[in-house]
Structure formats: C-alpha cells, structure tokens
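Peer 1: Handing you a structure now.
All of the numbers you see were taken from the coordinates with simple rules; none came from a lab. For clarity, every value in this text was computed on a predicted model and none was experimentally measured. Don't worry about glycine lacking a Cβ; one is built from the backbone with ideal geometry, like all the others, and counts go over all protein chains shown.
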Amino acid sequence: MYLSINQLVIVVYSILVHGYQKGNGKMYLLPMIQLKLIVLDGQLKQKYSTKVEFDLELPEFRTKRGVIRKCNDVVVAPVLMWVKALDLALDKLRASGCDLSLVAGICGCAQQHGSVYWKNNASDLLSNLDPGRFLHADLATAFSLMESPVWMDSSTSLYCRKLEDSFGNSEKLAQTTGSRAYERFTASQIAKVYDTKPGIYQITERISLISSFLASIFIGGYASIDHSDGSGMNLLDIKNRKWCGEALEAVAPGLKEKLGEVVENLTVLGQIAPYFVQRYGFNPECKVVSFTGDNPASLAGMNLGAGEVAISLGTSDTVFLSLEEGTGGLLGHVLCNPVDSSLFMGLICFKNGSLTRERIKNLCVGESWDKFNQILETTDVGNYGYIGLYYDLTEITPHIQGEYRFDPDGNLISKFPAPEMDVRACIESQAIRLRLYSERLGYSSGHSSSILITGGASSNTAILQIISNVFNAPVYTLDLPDSACLGAGYMAAYALRQSDERIPFYDYINQISGRKRCLLCTPDETACKVYMQLVSKYRDCENKAFGIYYSRLTP
C-alpha cells in the first residue's frame, strides 16, 4: 500500500547547513544550524516546509552558528534550544495551513555523534507532557547535562587513545565498530563526561543521540537508537548489530542500561504522544518511525542501488556507497545501512573540495570557470604523467597539508612546466583520490557501476567527465536539494507500507517518487586506460607526500 494522496509524512531535520557570504572579494564559509520540518504527500513531494534558525530566532541561547565554542576545543549546544526550536517549528507549520490530522507518520534525522543526557525520572516528564504548555517549559528540568557535546567538539583525544588501547589498537576497534576512535564520536564524549563530571553521569537515566532524543519527544518516552546512527558512536558491533560489550566497559560503568536497546532502522516506535494530538491536532494513529543520522538519511534520500556510488562535490567532497561487507578500517567509516539490514554503508569525507578547486582556478585563469573548463577539455588526459596534490587544509585522510607536485618519474618538483597544468592536476588527483579511497572502503567497478553526483560542482561537465573516466562508470545527477530530509521522509513512507509487501526500498521509492536521474557523462575507453595506470602512480606520490610532510614536522 502506498500512502494515499491525502496522507502526509512529517520529517524533522536538525543539521549543519553550509552557506556562503561574500566579503572583500572572497567567499567565507558560514555554517548555521537550524531545525527544519518538511511535509511530504503520498507521492513523496514536498507540500510544506518550515525552519527555525537558532542564532536568529533563539538569541537568548547566545549561540554562534548554532553552537557555543569554549576553550580547549570544546563545542556544545544547549539542549533546550533544540526543544524550543521544535516548539517554534510546529507552531509555524500549523500556522502555514498544514492539516496535521492528515499526517500518517513522522521520521527524522539529525547531526551524528552528538549526545543528550536525560536526568533520572525524565521519562515521567516525557510521558506526562502538558498540552497547555510549551515543550521547553515541560522539559526544562529533564536533562542532567544542559549543554550537549556536538560533532565539532575535538576535546577528547585522551579518551580516544584509551578506547583504542582497550582493543589493542585502532584497527581492531575499527573492525568491530566501523571506525577508529574519533574525538567527535559519542563513546569518547561519554567517557569524558564520566571522567570529568561523575556526578552528572550518576544522575543520568538515559543517554540519547540527537536523533533519538527528538524521537523521544514525539513518542513521549525514551526512543531507541537505530542501528545506522548507533554505528557512528564507536560503541556498536556493526556486524552483530548489538552494543559491543568491550567498548561499553572501556567507556563507563553501567553504560548499556543508560543507552537502552538498539533497534533496526525503519522500526515503528509507536504512536505519537497525546500531547501532540491535543495541542496540534495530530491524528492519534500517527506513527513515529525511528529517527536516524543525517548521513544515513542522505544515503536513503539518494536511493543508491547495488554498485552505485554517490559523490557530493561541496566544500568537502564526500563519498557514500552501499556495501555488502561490514569490514571497518582506518580509512573513513562503515555504518549499518539505513534501508537494508543485510547491507552496510561506507562514508569518507575529504576537507579539500570546492574551495581548493576555486583557489586553483583563481590562481591559473582568474575568475572564469569557462576558461578553467576549457583547459580541462583541451589538455591531454593524464597531464603527461605530472601529478599534483593540493591540501589547503589539513586533510582528514591522509592527515597531511600543503602542495606537492611530481614529475612523470615521481620526483618532487617545485612547479609544473606550464602553470595551467595545475588545473588538470588538481581535478585528476581529486578524482583519483575519490576512486582510490572508495575502493579501500569496498567499492569495486563493474558493468553495473554508476556514479551519482550532487553538490555545487554537479553541473560542471568538464569535471564530471574526468570523474566518469577515472571510475570507468557513467555519471548521473539528481535534482536533490536536501537528500537527508527527503531520505528521512522516504524511510517513513517505506516503514508505513503494508507489512506483507516485500518490495525492496530502492524499487518502492522509485515507483512512488518518480524521480529521474539525468545522464551527464559516459566513460571514454581510451581515457579510462590512462587513469587505470595512473592510480598506482598517484598512490606512490601520496605516500611520498605523506613522508615529506612528517619529515618537515620532525626537528
């Protein structure tokens, strides 16, 4: 059964949104956190949308770009700010004319890794919400920690090392939980709370991720963490899809009880709490589907099939792929797949993306992207064997910064024979990097392989042709302005279908949404052969650059 045309799905979305502001002739990155609600109809088309921007509409919390930065790399967000934003967003949605009695289901997604700490007996407050009061008033005393650590926090290096040491090394931790220990991951954040604020930890009844915290409000009780978002904590055994006892013991005592049980993605958690029925007019039969993280929701929104890779070309370049094997390693992250419990998802992010491309453009040809693209279209594939690596920011993988240029024999050189060679070197090295690390995560090219491109550079066919040739796969684009939002909506619709329907998520969403992908590029056989030979050379140059970088750091 599809959702009927007069039934709606609400998506709750709390996420870091990137925008740009021009100033002094330059572009500055302006991250701004917001809470957003969208309403989809039975054909998964957006009918209503509203948002609350934390800095602008909730100035009393004194956040800058949605967070509070403290000393020693501590970054937090006020929990009640999120609750109050939900109050405002629901009021806005009702005022927009949306008939909330038609809403059949609610799902949502949120920034990953952040944690919320519920005080002892907070479950009583959740189950007895007063429809005559705002949520933020009813839940003002529900939290033991009023400021939640978020993914931008990098203050937990000590606890990362302790967690890895408890497993023997970082690789063993990654094989079990899908990632090596990262400062932003929830395990290290909880360990820090237990170590530095033991009294807070002691009076904490439940620890939620931001996604399950939002779901908890809607069901009027503690919502379970789902497998996908839970696999971004360094606490879940991703193969068995259960909490990892060894990790729990290494982080804090009694942690399993405070986390509760994990559930499969697409689980219907229950019906919406009476509070929302009485205050906003929701149907009491409205179902709440388990919320998830923004990255898993993005994978669902892009509706990736077998053999497909999604690449977001933005300020950071990010690769998403569906995997059959859940073998975590030191590169990137392996998470539980949000829409197929038999699969996994790979995720890897590179800091040096569009801003690096723009800098090379400005350096070589000025402001014109047309001239930049003309160089890509008229110069030789493979750049005569010259390779350039450009890390304006300290890269995540590999951990390196600086510019490195190599001649055809792999020797480090200060500059190329012609300045415009940097144009092709930049794009080719970024494309090869995407393929190389995708393969290390588990991607393998084949006759069914294809690439789905999103982000700011998704309309630049000169860049996309190089990606197509490097991957030896066709490149498609999809008009998808908000893949995480839509993904959560897709998950709600799929979870609310008739239980006896066995249709896979991929086919179900394609049938309902009618979204069509646009073919932009197909691989050129001759160019593919050149890049096949260049991949190993790129790998050698990257290893050399890595050694050079660390030799310069050593006195």
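Peer 1: List the pairs from Lys239/Lys529; Lys172/Lys351; Lys256/Lys351; Lys36/Lys239 whose alpha-carbon separation is above 31 Å, in the order I gave them.
Peer 2: Lys239/Lys529; Lys256/Lys351; Lys36/Lys239
Peer 1: If amide hydrogens are placed 1.01 Å from N in the peptide plane, which non-local residues have theirs closer than 5 Å to the one on Thr397?
Peer 2: Under 5 Å from the amide H of Thr397 lie the amide H atoms of Lys351, each far enough along the sequence or on another chain.
Peer 1: If one computes P(r) from the Cα atoms of segment 270-389, what percent of pairs lie at distances over 23 Å? All intermediate terms of the calculation are to be shown ahead of the outcome.
Peer 2: Working: 4024 of 7140 pairs.
Roughly 56 percent, rounded to a whole number.
Peer 1: If we count other beta carbons within 10 Å of each Cβ, what is the order of His333, His136, fewest first?
Peer 2: His136, His333
Peer 1: For Glu324 and Ser96, calculate 0.36 nm times their separation in residues minus their Cα-Cα distance, and state this gained length in nm to one decimal.
Peer 2: Length gained between Glu324 and Ser96: 77.7 nm.
Peer 1: Further question on the same structure: Net charge within 11 Å of Ile33 by Cβ-Cβ distance, Lys/Arg positive one each and Asp/Glu negative one each, not counting Ile33 itself?
Peer 2: After counting each charged neighbour, the total is +2.
Peer 1: Something else about it: Calculate the spin-label point distance for Thr461 paired with Leu343, positioning each point 7 Å from the Cα along the beta-carbon direction, and give it in nanometres.
Peer 2: So the label points at Leu343 and Thr461 sit 3.0 nm apart.
Peer 1: Quick one: Karplus J couplings for segment 48-61, per residue in order, coefficients 6.51, -1.76, 1.60, θ = phi - 60°, nearest Hz, x for Gly and Pro?
Peer 2: Going residue by residue, I get 9, 8, 8, 8, 10, 8, 4, 4, 7, 9, 10, x, 5, 8 Hz, with x marking Gly and Pro.
Peer 1: Can you divide the C-alpha Rg of segment 8-290 by 2.2 N^0.38 Å and report the result to two decimal places?
Peer 2: Taking the Cα Rg and dividing by 2.2 N^0.38 Å, one obtains 1.01.
Peer 1: Looking at segment 356-452, which trypsin sites (Lys or Arg not before Pro) are in a loop (DSSP not H, G, I, E or B) and have at most 12 other Cβ atoms within 10 Å? Could you put the intermediate results ahead of the total?
Peer 2: Working: sites: Arg357, Arg359, Lys361, Lys371, Arg405, Lys415, Arg424, Arg433, Arg435, Arg440; in loops: Lys415.
Answer by residue number: Lys415.
Peer 1: A further question on this structure: For segment 198-283, run through the GluC sites (Glu not before Pro) and keep only the ones in DSSP coil with at most 16 other Cβ atoms within 10 Å of their Cβ.
Peer 2: Answer in residue order: Glu261, Glu264.
Peer 1: Using 0.36 nm times the number of residues separating Ile203 and Asn240, minus their current alpha carbon distance, what extension gain do you get?
Peer 2: Residue separation times 0.36 nm, minus the Cα-Cα distance, leaves 10.3 nm.
Peer 1: Another question, if that's okay. Given only helices, namely DSSP H runs of n ≥ 4 each adding -39500 (n - 2.57), what is the per-residue ellipticity at 222 nm of the chain, to the nearest 500 deg cm²/dmol?
Peer 2: It lands at -11500 deg cm²/dmol.
Peer 1: How far, in degrees from 0 to 90, does helix 461-471 lean away from the longest principal axis of the Cα atoms of the chain, to the nearest 10?
Peer 2: 90 degrees
Peer 1: What nm distance separates the two modelled labels at Ser154 and Arg65, each placed 7 Å from Cα along Cα→Cβ?
Peer 2: 1.2 nm
Peer 1: Now a separate question. Using only the alpha-carbon atoms, how far is helix 186-196 inclined from the longest principal axis of the chain? Give it as 0 to 90 degrees, nearest 10.
Peer 2: On a 0 to 90 degree scale, this one is about 60.
Peer 1: If you keep only loop residues by DSSP, which GluC sites (Glu not before Pro) in segment 454-554 have at most 16 other Cβ atoms within 10 Å of their Cβ?
Peer 2: Those that pass, being in a loop and sparsely packed, are Glu501.
Peer 1: In addition: List the relative contact order of the chain as a percent without decimals, with contacts defined as Cα pairs under 8 Å and 6+ residues apart.
Peer 2: Over the chain, the number comes to 14 percent.
Peer 1: Between the helical axis of 421-441 and the dominant principal axis of the chain, each derived from Cα atoms, what acute angle in degrees is found, rounded to the nearest 10?
Peer 2: 50 degrees
Peer 1: May I ask you to evaluate 6.51 cos²θ - 1.76 cosθ + 1.60, the Karplus curve with θ = phi - 60°, for each residue of segment 168-177 and list the ³J(HN,Hα) values in order in whole Hz, giving x for glycine and proline?
Peer 2: x, 6, 5, 5, 5, 5, 5, 5, 8, 9
Peer 1: Once you order the gyration tensor axes a ≥ b ≥ c over the Cα atoms, which shape class does the chain get: rounded for a/c under 1.5, otherwise prolate or oblate by comparing a/b with b/c?
Peer 2: The shape class here is prolate.
Peer 1: While we're here: Please report the antiparallel percentage of the DSSP beta bridges confined to the chain, to the nearest 5.
Peer 2: Numbers: 65 of 87 bridges.
Antiparallel bridges: around 75 percent, rounded to the nearest 5.
Peer 1: Between Ser444 and Asn411, what FRET efficiency follows from the Cβ-Cβ distance if R0 is 35 Å, with the result rounded to 0.05?
Peer 2: Values: r = 32 Å, r/R0 = 0.92.
So, using R0 = 35 Å, E works out to roughly 0.60.
Peer 1: Which of the aspartates and glutamates could a cross-linker span from Lys92 if the Cα-Cα distance has to be under 13 Å and same-chain partners fewer than 8 positions apart are dropped?
Peer 2: Partners found: Glu53, Glu57.
Peer 1: Can you tell me how much longer the chain between Thr267 and Asp165 gets when fully stretched, taken as 0.36 nm per residue apart minus their C-alpha distance, in nm with one decimal?
Peer 2: Length gained, Thr267 through Asp165: 33.2 nm.
Peer 1: So, one more: Considering only segment 304-555, what is the antiparallel percent among its DSSP beta bridges, to the nearest 5?
Peer 2: The answer is about 75 percent antiparallel.
Peer 1: If the only charges are +1 at each Lys and Arg Cβ and -1 at each Asp and Glu Cβ, what is the size of the charge dipole of the chain around the Cα centre, to the nearest 20 debye?
Peer 2: 760 debye
Peer 1: Still on this structure, please answer the following. Can you give me the C-alpha center-to-center distance between segment 233-288 and segment 482-555, rounded to a whole angstrom?
Peer 2: Rounded to whole Å, the Cα centres lie 28 Å apart.
Peer 1: While we're on this one: Going 7 Å from the Cα of Lys371 along its beta-carbon direction, which residues of segment 462-483 have the amide nitrogen within less than 19 Å of the resulting point?
Peer 2: Within reach of a label on Lys371, which here means backbone N under 19 Å from a point 7 Å along Cα→Cβ, segment 462-483 contributes 462-463.
Peer 1: Tell me, what ³J(HN,Hα) does each residue in segment 76-91 have, in order and in whole Hz, if you take phi through Karplus 6.51 cos²θ - 1.76 cosθ + 1.60 with θ = phi - 60° and put x for Gly and Pro?
Peer 2: For segment 76-91, the Karplus-derived couplings read 9, 9, x, 5, 5, 5, 5, 5, 5, 4, 5, 3, 5, 5, 5, 5 Hz, x marking Gly and Pro.
Peer 1: Also: Which FRET efficiency value, to the nearest 0.05, is calculated for Thr397 and Asn128 with the Förster distance at 60 angstrom and r the Cβ-Cβ distance?
Peer 2: 0.80
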